[in-house]
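K.L.:
Okay, here's the structure, questions in a sec.
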Amino acid sequence: MRIARAKTARQEVAAALTWLQSHLFSSDPALDVHTGHWWIAREDGAPVAFAALLPVPSWSKTGYMARCGVLPAFRGQGLQRKLLAHREAHARRLGMLRVITTTYDNPASANNLIRHGYFTYRPQQKWGAANTIYWLKTL
């Protein structure tokens, strides 16, 4: 399994990220793959997982761990945790002091965040659905 920071200017990478989003987050509109920083995991050249790190303009030196998805056949292999570690390391290199993310009805993802040192918090202005859990980690 190979995880690499995605060069989204390349058409095939952008297409793979868009495809993964549509299959793993079909009820949500796809995020712009040309905004922020993206990672993609491949098995034998085929995309199997992805994740994004986006800046939070309203909160200085903060990154949003957006969209982390792993195709069902590849779950349970630690890909989500590896993608989380890649994004945290990159956020540090960018000078970010903290990262935030959300989960919704996903205990496996929530448990991975807890294992990585994330804590729940209450944002001043909620942006997620009614049952969204908000997470924060100081880097």
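The values are calculated or read from the model by the stated rules, or taken from the named source; none is laboratory data. The model shown is predicted, which means the values in this text are computed figures rather than measured ones. Positions of Cβ are backbone-derived with ideal geometry, glycine not excepted, and every protein chain shown enters the neighbour counts. The protein model used for the area step is the full one, side chains on, heavy atoms only, and it has no ligands, DNA or RNA in it. Shrake-Rupley method; radii C 1.70, N 1.55, O 1.52, S 1.80 Å.
K.L.:
Is there any pair with a first residue in segment 114-139 that is of a type in the set (K, R) and a second that is open to solvent by less than 100 Å² (accessible area, probe 1.4 Å) whose Cβ atoms are under 6 Å apart and which are 6 or more apart or on different chains, and what are they?
P.N.:
What qualifies is K137/V99; K137/G117; K137/Y118.
K.L.:
Do we find that H23 is open to solvent by 10 Å² or more (accessible area, probe 1.4 Å), of a type outside the set (D, E) and under 30 Å from Q125 (Cβ atoms) in this structure?
P.N.:
It is false that H23 is open to solvent by 10 Å² or more (accessible area, probe 1.4 Å), of a type outside the set (D, E) and under 30 Å from Q125 (Cβ atoms).
K.L.:
Which one of these does T8 not meet: (1) modelled with pLDDT of 90 or more; (2) polar (S, T, N, Q); (3) surrounded by 15 or more Cβ atoms within 10 Å (Cβ to Cβ)?
P.N.:
Going through the list (1) modelled with pLDDT of 90 or more; (2) polar (S, T, N, Q); (3) surrounded by 15 or more Cβ atoms within 10 Å (Cβ to Cβ), T8 breaks only (1).
K.L.:
On to the next question. Regarding segment 33-49, can at least one residue be identified that is open to solvent by less than 60 Å² (accessible area, probe 1.4 Å), in a loop (DSSP other than H, G, I, E, B) and more than 24 Å from Q11 (Cα to Cα)?
P.N.:
no
K.L.:
Give, as residue ranges, the strands (runs of 3 or more DSSP E) completely inside segment 55-139 that count at least 1 residues that are open to solvent by 90 Å² or more (accessible area, probe 1.4 Å) and modelled with pLDDT of 95 or more.
P.N.:
133-138
K.L.:
When segment 53-93 is examined, which residues are found to be under 14 Å from W39 (Cβ atoms) and touching a Pro at 6+ places or on another chain (Cβ under 8 Å)?
P.N.:
Hit for segment 53-93 is G63, nothing else.
K.L.:
OK, next. Please verify whether A30 is of a type outside the set (D, E), open to solvent by 40 Å² or more (accessible area, probe 1.4 Å) and touching a helix residue (DSSP H, G or I) at 6+ places or on another chain (Cβ under 7 Å), treating the condition exactly as stated.
P.N.:
Judged against the criteria, A30 is a match.
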